[in-house]
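Scroll down for the structure; my scribbles are underneath it.
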């Protein structure tokens with residue numbers, strides 16, 4: 001079954017502009033055009049696009065995404081290189097998650113300080129930025 005760009009956009013929660021851009025730079029394997037010249041996506045193209053979105057949303061450069069797809073089409077002999085790319089991306093993602101968790105802790109502490117401050121009659125003698133330290 002072929003899907004239109006609008007259907008794919010809705011299904012994957014990505015803008016049509018992004019899909020069009022990825023297709024224009026030949027990043028999505030398997031995209032074809034219907035009789036009216038509109039892009040249509042088979043199951044494989046949608047799967048590749050979902051994977052591309054995951055890679056891009058975790059910060060993988062487009063050149064690396066292209067490289068991964070090229071390697072995938074070369075077959076089993078590129079297994080180790082593709083696996084290494086995935087491991088590297090996972091490591092970078094884990095680092096970003098750790099960083100975001102630290103930032104969340106700081107903000108959560110600040111929120112808790114606001115609640116504590118609201119329940120006390122005597123304000124603390126700290127500068128506003130110090131309340132989270």
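The values are calculated or read from the model by the stated rules, or taken from the named source; none is laboratory data. This structure is a prediction, so every number in the text was calculated from the model and none was measured. Reconstructed Cβ throughout: ideal geometry from the backbone, glycine too, with neighbour counts over all protein chains shown.
Quick one: in segment 8-17, of everything that is part of a helix (DSSP H, G or I) and touching a residue at least 12 places away in the same chain (Cβ under 8 Å), which residue is nearest to residue 33 (Cα to Cα)?
8
Here is a list of conditions, (1) out of contact with any helix residue (DSSP H, G or I) (no Cβ under 9 Å at 6 or more places or on another chain); (2) modelled with pLDDT under 95, and residue 26 meets all of them except one; can you say which number that is?
That leaves (1) as the condition not met.
Determine which member of the set 47, 30, 37 is loosely packed, with under 12 Cβ neighbours inside 10 Å and assigned by TED's automatic domain parsing to the domain that holds residue 3.
37
Of the residues 85, 60, which single one is under 19 Å from the mean Cα position of the chain (by Cα) and not assigned by TED's automatic domain parsing to the domain that holds residue 25?
85
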